[in-house]
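Novice: After the structure tokens below, expect a handful of questions from me.
No lab work stands behind these numbers, since they all come straight from the coordinates. Note that the structure is a prediction, hence the values are computed from the model and not measured. Because the Cβ atoms are built from the backbone with ideal geometry, glycine has one as well, and the counts that use them run over all protein chains shown.
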Amino acid sequence: MDMFEGVGRRLDEKGGTLVSIGQHSLNGYERNVLFRNNGDGTFTDVAFVNGADRVEDGRGLSIFDYDRDGQLDILIRNFRQPAQLLQNRGGTGHWLQFRLVGVRSNRDAVGARIRVRTATGLQSRAVTAGSAYLSGSSLVQHFGLGAATRVGTVEIDWPSGSHTQLRDLAADRRYTVVEGVDVALGR
Amino acid sequence: MRGRAHPGWRLLVGVALVLHGPPARADRWETTRRTVIDPLNSELHRHLPQAIKRRDLAAVLALYATEVGTGLTWDAPMRVYPQFEEETLRWGGRQGDETIRARYERLLALFREIDKAELRIHHIDWRHPAPAGYPATVRLLVRGTRADGAACQLVQRMLLRVAQQGGAWRITAEEVLGRETVASTRGRYRLATADARIQNVHSNEGSPIFRIAGTLTNASGSAVADVDGDGWEDVFLAGAPNAALYRNRHDGTFEDITDASGLPHPYPAAATGAVFFDYDNDGWPDLYVAAVAGGDRLFHNLGGGHFADVTAAAGVPPGRWGSMPIVADYDRDGFLDVFVVRMGDHEKTSPSPNYEARNGVPDTLLRNNGDGTFTDVSQRAGVADRGWGLAAGWGDYDEDGWPDLYVGNEFGFSALYHNERNGTFTDVARRSGARERAATMGVAWGDFDNDGHADIYAANMYANSRWALVHPDFPAPIPWPVRVLGWFTAEVVADASGVRDGQWGWGTEFLDYNNDGLLDIYGVNGFVSGPVLDDV
């Protein structure tokens with residue numbers, strides 16, 4: 001059986017003619033979700049109370065910090081509707097960003113792994129290019145630090161196999177790290 | 001692993017077959033739909049939420065054939081997760097009888113205004129009818145404004161009994177299993193599109209029309225990178241004809257520089273996925289744009305955000321039914337390679353067999369030769385996946401330094417291709433526990449539990465009891481929206497973690513929106529919203 005047949009017939013019945021989905025809603029008007037990580041293995045949807053529960057038919061999605069305020073913003077590519085930019089207005093919580101420049105590795109350092117240790121524990125990220133659906137997010141790696149204003153150690157494993165270790169970095173900055181140079185340039 | 005996935009929809013299909021004997025399957029289904037599913041949907045999905053939104057207590061109570069409910073009472077909520085900006089209250093103080101009337105009075109008193117009420121049916125156990133009715137696991141969501149002005153969302157998990165009485169479905173019993181509210185007086189996000197001067201409505205001319213309905217074309221994505229090297233990230237929005245490149249002006253606004261950038265306008269192909277990456281290691285982000293029709297394209301950034309179409313010169317095959325390009329240096333030669341996940345031919349064929357389809361257009365792996373050209377190595381590498389794919393992601397799940405590849409197919413099993421370090425890949429999805437027959441629409445890798453190992457979030461179709469229920473073949477694989485992968489083993493933690501119901505999910509991404517050191521998840525969703533509000 002053609003898997004779409006039932007859908008078509010259902011629509012026919014309602015409209016009496018060949019139906020275009022343009023008139024009907026199929027899982028329409030759904031609200032985007034923002035799952036807050038509660039830190040205990042559970043998540044809570046906080047999209048509505050944070051003004052992030054857009055109702056359009058979302059498809060693509062890019063995360064970046066377009067205004068460089070240390071708060072991650074969201075670009076949404078909707079289907080047949082306007083693109084949208086959700087600006088993160090910020091709150092408490094310190095942060096740190098890294099832009100990695102590969103030398104022996106690919107210049108974008110895609111595949112590099114960063115581990116950040118603070119008093120509260122470990123975080124890890126891998127640099128990826130192409131994610132979500134149809135989209136690419138920022139190559140800049142963003143770490144929230146909570147109350148921490150300094151980071152004890154940062155370890156970077158580059159795709160080439162080389163390794164960088166950085167110590168005692170001040171928070172609330174974006175650092176550029178060039179492969180082979182164990183210094184983070186803040187700006 | 002499927003251990004925690006509940007088999008509700010399949011049971012529903014099964015019962016429909018049992019109840020209605022051997023005639024044509026579609027007819028049987030139609031009967032079930034007309035007599036059972038539609039009326040039940042009307043009562044639970046439509047009437048109850050609408051009555052709540054109208055604050056019409058009488059109409060709410062008319063849907064109940066009982067006056068008293070059990071389970072959690074409204075007494076003694078506790079503040080949980082006090083570390084977060086949002087106030088989270090959880091009920092769990094006392095269990096006992098409570099009148100349905102009192103329950104809804106308390107609920108309505110919580111909100112000064114109600115924006116939206118929704119009842120999501122997660123599972124109806126048709127196999128176990130009882131005099132009191134079928135057991136139904138549901139979630140009630142109510143969103144609105146509290147008396148103190150805070151935006152507030154209530155989520156209440158319930159076990160209902162539903163039975164047909166006098167030609168209508170009624171709730172004969174209600175047990176509240178869980179109740180939480182989350183509230184905030186200051187939302188983190190604001191819609192900044194207009195201020196940022198991004199004005200782009202998606203269209204995709206030239207896209208084939210999907211057979212599912214008359215006008216449905218393919219979607220397009222977005223990508224960000226600092227294309228002109230000024231330290232601020234710029235925005236590319238794919239689409240046709242109006243693909244657009246917006247330059248970041250450092251003051252919260254953007255300007256459309258599509259024409260000046262040398263990118264084609266109007267865009268000449270039905271564009272789908274897009275990604276910036278520096279394929280020639282010259283320090284300038286280049287752009288790959290896949291297409292469902294009209295050909296994939298590679299644009300070389302000549303410097304300063306000026307692009308030239310180098311598709312042919314670089315040996316990039318136009319391909320067809322492309323969905324999404326993703327990038328990694330899989331052979332670790334220092335040059336980034338491109339994998340393009342591809343759909344099936346929606347014009348000429350259907351997925352076969354539906355959710356285990358192997359008749360899709362093969363995915364493509366383009367090896368970067370390091371001299372500005374690419375070679376199609378899909379077959380040799382063993383990643384010419386024949387599922388109908390929408391989304392994929394590179395991640396090094398076994399942490400050996402070699403990028404592995406997760407392919408989420410809409411129709412077809414998902415695959416986890418292990419990088420064998422010799423230019424070939426082996427699908428280890430079954431062995432690792434990451435193999436799912438799920439309708440995957442979006443993929444993201446991220447270490448959400450901070451154990452140092454990358455996990456996977458896969459956004460899938462999740463249709464509750466809506467239109468997918470109308471067809472026997474559609475609902476089967478729907479409820480697996482999440483997979484999380486540890487080191488060489490995967491465990492589906494969707495139910496335990498509370499992220500199963502992302503609705504009809506598409507793009508999804510990990511991000512730490514509140515800078516607390518824990519990766520959160522943002523997901524966009526919705527299939528098609530038309531002027532007729534109700535889903536068919």
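Novice: Counting only residues 5 or more places away or on other chains, whose amide H sits under 5 Å from the amide H of A:N38 once H atoms are built in the peptide plane?
Specialist: Here the answer is A:F43, A:T44, since their amide H atoms fall under 5 Å of that of A:N38.
Novice: Using the alpha-carbon centroid of each, what span in Å lies between segment B:419-434 and segment B:287-357?
Specialist: Taking the Cα centre of each part, segment B:419-434 and segment B:287-357 sit 22 Å apart.
Novice: Between A:R89 and B:A102, what is the spin-label point distance in nm, taking each point 7 Å from the Cα along the Cα→C-beta axis?
Specialist: 3.9 nm
Novice: Let me ask something else. For the pair B:A260/B:R46, report the inter-label distance in nm, with labels modelled 7 Å from Cα in the Cβ direction.
Specialist: Spacing of the two 7 Å Cα→Cβ label points: 5.3 nm.
Novice: So for each of B:231-238, B:346-353 I average, over its residues, the number of other beta carbons within 10 Å; can you give me the resulting order with the highest mean first? Please list the in-between numbers first.
Specialist: On the way: B:231-238: 24.4, B:346-353: 15.6.
So the peptides B:231-238, B:346-353, ranked by packing, come out B:231-238, B:346-353.
Novice: Can you pull the mean other chain C-beta count within 10 Å for peptide A:115-123?
Specialist: Other-chain Cβ atoms within 10 Å of each residue's Cβ, averaged: 3.
Novice: Now for a separate question. In nm, give the distance between the simple-model label positions of B:E205 and B:D115, each being 7 Å from the Cα along the Cα-to-Cβ direction.
Specialist: If labels sit at B:E205 and B:D115, their model points lie 3.6 nm apart.
Novice: So how much slack lies between B:R54 and B:T145, counting 0.36 nm per residue of separation and subtracting their Cα-Cα distance, in nm?
Specialist: Details: separation 91, 0.36 × 91 = 32.76 nm, distance 1.43 nm.
Using 0.36 nm per residue and subtracting the Cα-Cα distance, I get 31.3 nm.
Novice: Further, regarding this structure: Taking the alpha-carbon centroid of each part, what is the distance from segment B:149-176 to segment A:112-145 in angstrom?
Specialist: What the calculation gives is 41 Å, centre to centre.
Novice: When you count, for each residue, the other Cβ atoms within 10 Å and take the mean per peptide, how do A:151-159, B:305-313 rank with the highest first? It would help to have the intermediate numbers written out before the result.
Specialist: Details: A:151-159: 20.3, B:305-313: 17.3.
My ranking of the peptides, most packed first, is A:151-159, B:305-313.
Novice: Right, here's the next one. Subtracting the Cα-Cα distance from 0.36 nm times the residue separation, let me have the gained length for B:T375 to B:R197 in nm, one decimal.
Specialist: Values: separation 178, 0.36 × 178 = 64.08 nm, distance 3.96 nm.
Roughly 60.1 nm would be gained on extension.
Novice: Just how large is the dipole of segment B:236-367 about the Cα centre, in debye to the nearest 20, putting +1 at every Lys and Arg Cβ and -1 at every Asp and Glu Cβ?
Specialist: Working: 9 positive and 18 negative charges, 82 e Å.
My answer is approximately 400 debye.
Novice: Enter the mean number of other protein chain beta carbons within 10 Å of the beta carbon of each residue in B:447-456, as an integer. Display every interim value, and only then the final one.
Specialist: On the way: counts 7, 5, 4, 9, 3, 5, 1, 5, 0, 0.
For peptide B:447-456, the averaged partner shielding equals 4.
Novice: Something else: With the cut-off at 1.5 for a/c, could you classify segment A:73-157 from its C-alpha gyration tensor as rounded, prolate or oblate?
Specialist: Working: a/c = 2.89, a/b = 1.28, b/c = 2.25.
Oblate is the answer for segment A:73-157, as a/c is 1.5 or above yet b/c matches or exceeds a/b.
Novice: How large is the dipole of segment B:110-160 about the Cα centre if only Lys and Arg carry +1 and Asp and Glu carry -1, each at its Cβ, rounded to the nearest 20 debye? Please list the in-between numbers first.
Specialist: Values: 8 positive and 5 negative charges, 20 e Å.
Rounded to the nearest 20 debye, it is 100 debye.
Novice: B:D451 to B:Q164: FRET efficiency via 1/(1 + (r/R0)^6), r the Cβ-Cβ distance, R0 45 Å, to the nearest 0.05? Display every interim value, and only then the final one.
Specialist: On the way: r = 49 Å, r/R0 = 1.09.
With R0 = 45 Å, the Cβ-Cβ based efficiency is 0.35.
Novice: Would segment A:74-122 count as rounded, prolate or oblate if I go by the C-alpha gyration tensor, calling it rounded below 1.5 in a/c and otherwise prolate when a/b exceeds b/c, oblate otherwise? Before the final figure, lay out the partial values.
Specialist: Working: a/c = 3.20, a/b = 1.32, b/c = 2.43.
Oblate, because a/c is 1.5 or more while a/b does not exceed b/c.
Novice: Another one. Along the Cα-to-Cβ line of A:D69, 7 Å from the Cα, sits a label point; which residues in segment B:64-92 have backbone N less than 18 Å from it?
Specialist: B:85-86
Novice: Rounding to the nearest 20 debye, state how big the charge dipole of segment A:68-165 is about its Cα centre with +1 on each Lys and Arg Cβ and -1 on each Asp and Glu Cβ. Don't skip to the end; give the middle numbers.
Specialist: On the way: 12 positive and 5 negative charges, 13 e Å.
Its charge dipole is roughly 60 debye.
Novice: Pulled fully out, how much extra length does the chain show between B:T66 and B:D251, if you take 0.36 nm times their separation in residues and subtract their Cα-Cα distance? Working shown, then result.
Specialist: Numbers: separation 185, 0.36 × 185 = 66.60 nm, distance 5.95 nm.
Gain in length upon complete extension: 60.7 nm.
Novice: OK, next. Averaged over B:158-170, how many beta carbons belonging to a partner chain fall within 10 Å of each residue's beta carbon? Can you show the working numbers first?
Specialist: Working: counts 0, 0, 0, 0, 0, 0, 0, 0, 0, 0, 0, 0, 0.
Counting Cβ atoms of other protein chains within 10 Å of each residue's Cβ and averaging gives 0.
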